Structure formats: structure tokens, C-alpha cells
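Visitor: What follows is a structure written as C-alpha cells; I'll ask about it next.
The values are calculated or read from the model by the stated rules, or taken from the named source; none is laboratory data. All figures in this text were calculated on a predicted structure; none of them were measured in a lab. Every residue, glycine among them, receives a Cβ derived from its backbone with ideal geometry; neighbour counts consider all protein chains shown. For the accessible areas, the whole protein counts, side chains as well, though only heavy atoms, and no ligand, DNA or RNA atoms are used. Shrake-Rupley method; radii C 1.70, N 1.55, O 1.52, S 1.80 Å.
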Amino acid sequence: MPQESKNRQNGLTKSQQAEVNSEWVADADGILHRNAARVILLDDSGRSLLVRGHDVGDLNHQWWFTVGGGVGPDEVPVRGACRELFEETGLSLDPDRLIGPVLKRRATFYFALETRRQDELFFCARVDSAERRAAGKNQHLTSLELDVLDEFRWWAPEDIRAAEAAGQTFYPRGIADIIERLDAGWDGSCPVLRED
């Protein structure tokens with residue numbers, strides 16, 4: 001067994017712990033914080049690509065969420081969204097294909113045995129059928145993402161609502177309504193959500 005897999009701290013290997021620590025900085029109140037950019041990817045049928053993930057070391061704590069992740073302090077959010085989209089799905093989109101931001105979200109949550117706060121900007125992009133088929137087939141995931149990202153799936157809003165009624169969790173809250181609103185055409189607004 002490789003030494004890396006033997007040396008786990010808080011459910012993470014040392015390299016995964018370093019990856020997490022590089023992206024999160026403690027705020028004045030001590031809560032770990034990062035900025036993030038996300039993409040609500042829509043196909044021509046109004047479905048959106050979501051990712052199912054789980055908490056490190058807790059397979060029972062699972063949820064569905066949009067593609068995206070942390071952005072660096074000097075990284076333009078729309079470029080960070082495109083980078084994350086490529087890393088997680090293999091889709092390479094130019095920033096000018098993304099609209100928005102279409103949503104701002106501040107979330108406080110528990111992950112990797114720590115309370116974390118994330119400020120997110122959401123962008124939207126529509127893909128054609130070839131891009132839809134290619135999404136998720138050429139992933140460039142980090143070690144941590146390989147460990148905690150379990151499944152990519154295209155969801156229709158009505159299927160999200162049915163899954164929520166059956167007990168599955170989706171973020172951001174109200175994502176089915178958000179998808180329907182954006183599928184009808186972005187009105188230029190950027191609602192703000194707080195999920196603490």
C-alpha cells in the first residue's frame with residue numbers, strides 16, 4: 001500500500017489536505033473561506049449537468065450541485081468558471097459563451113471536518129448535443145475531486161423536484177426553479193442567496 005494512502009488526516013491524504021488548505025483561508029471569525037465560480041450548464045432540452053458528491057469519510061452525507069469550484073485571488077471569476085468546467089467535465093468553453101453572473105450565493109457548510117464559508121458567482125452556458133455527450137468523458141480531476149465526486153448527471157427540473165421529495169439534497173436550494181428561469185432566457189438579474 002502506498003505511503004500516501006496510509007497517512008490520512010481527517011479522512012484526507014496528506015496531498016488532499018494540502019489541496020484543501022491551499023484554497024481556504026480563515027476569516028476574522030475563524031471560519032474557513034474561499035471564493036468560487038460555478039456554471040449552470042444547460043442542454044437544448046432544458047436539463048442541467050449536476051454533480052453528486054459526498055463529504056470526505058462520510059458516504060452518507062451526499063448532495064447534488066453545479067460544476068465549479070474555488071477561484072484564485074487574482075483569477076477573474078468567469079475564467080475560473082471555465083477552468084473548473086474543463087477540469088471537471090472536459091468541456092473547454094470560451095468565457096464569452098458564459099452569461100452572467102446569474103446568481104450570487106453565500107453558503108456556510110460543514111466539509112472535511114470543518115465549517116466553511118463560500119462566496120459563489122454562478123454563470124450559465126448552453127451546450128449543443130455533441131458537447132452534452134462529451135461532458136464528463138474527459139475529466140482532469142484533482143486527487144480530492146476523484147475521492148469525493150461520485151457521479152455526473154443531466155437533470156430536468158421536474159426530476160430534481162421528484163428527487164428532492166424522495167429525500168435527495170440539491171444545491172443551491174431552488175436549483176430547479178433557477179434552471180427553468182435561465183432556460184426561458186436570462187433577464188439580466190443576479191439574485192443573491194444566503195444558505196447558512
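Visitor: Just checking, how many residues over segment 173-196 are in contact with a strand residue (DSSP E or B) (Cβ under 9 Å, 6 or more places away or on another chain), open to solvent by 70 Å² or more (accessible area, probe 1.4 Å) and closer than 20 Å to Trp63 by Cβ?
Guide: 3
Visitor: Another one. Could you pull out the residue among Leu50, Leu91, Leu32, Leu42 that is farther than 22 Å from Arg173 by Cβ and surrounded by 14 or more Cβ atoms within 10 Å (Cβ to Cβ)?
Guide: Only one candidate passes the filter, namely Leu91.
Visitor: Tell me, yes or no, whether segment 131-148 has at least one residue that is modelled with pLDDT of 85 or more, more than 23 Å from Ala26 (Cβ to Cβ), open to solvent by less than 60 Å² (accessible area, probe 1.4 Å) and not basic (Lys, Arg).
Guide: yes
Visitor: Return yes or no: is Leu103 closer than 19 Å to Asp196 by Cβ, surrounded by 21 or more Cβ atoms within 10 Å (Cβ to Cβ) and in contact (Cβ under 8 Å) with a residue 40 or more places away in the chain?
Guide: Spelling it out, Leu103 is indeed closer than 19 Å to Asp196 by Cβ, surrounded by 21 or more Cβ atoms within 10 Å (Cβ to Cβ) and in contact (Cβ under 8 Å) with a residue 40 or more places away in the chain.
Visitor: Select from segment 25-74 the residues that are charged (D, E, K, R) and either outside any loop (DSSP other than H, G, I, E, B) or in contact with a Lys or Arg (Cβ under 8 Å, 6 or more places away or on another chain) (or both) and list them in ascending order.
Guide: The answer is Asp27, Arg34, Arg38, Asp43, Asp44, Arg52, Asp55, Asp58.
Visitor: Mind checking which residues of segment 154-172 are surrounded by 15 or more Cβ atoms within 10 Å (Cβ to Cβ) and not in a helix (DSSP H, G or I)?
Guide: Selection gives Trp154, Trp155, Ala156, Phe170, Tyr171, Pro172.
Visitor: Any residue in segment 157-180 that is over 19 Å from His54 (Cβ atoms) sitting within a Cβ distance under 8 Å of a residue that is assigned to a loop (DSSP other than H, G, I, E, B) and open to solvent by less than 10 Å² (accessible area, probe 1.4 Å)? List the pairs, counting only those 6 or more apart or interchain.
Guide: Pro157/Gly46; Ile178/Pro172; Ile179/Gly46; Glu180/Gly46
Visitor: Going by the structure shown, is Val76 surrounded by fewer than 20 Cβ atoms within 10 Å (Cβ to Cβ), at pLDDT 95 or above and out of contact with any Phe, Trp or Tyr (no Cβ under 8 Å at 6 or more places or on another chain)?
Guide: Details: surrounded by fewer than 20 Cβ atoms within 10 Å (Cβ to Cβ): yes; at pLDDT 95 or above: yes; out of contact with any Phe, Trp or Tyr (no Cβ under 8 Å at 6 or more places or on another chain): yes.
Yes; evaluated as a whole, the condition is true for this residue.
Visitor: Please count how many residues of segment 97-119 are in contact with a helix residue (DSSP H, G or I) (Cβ under 9 Å, 6 or more places away or on another chain) and either modelled with pLDDT of 95 or more or outside any strand (DSSP E or B) (or both).
Guide: 8
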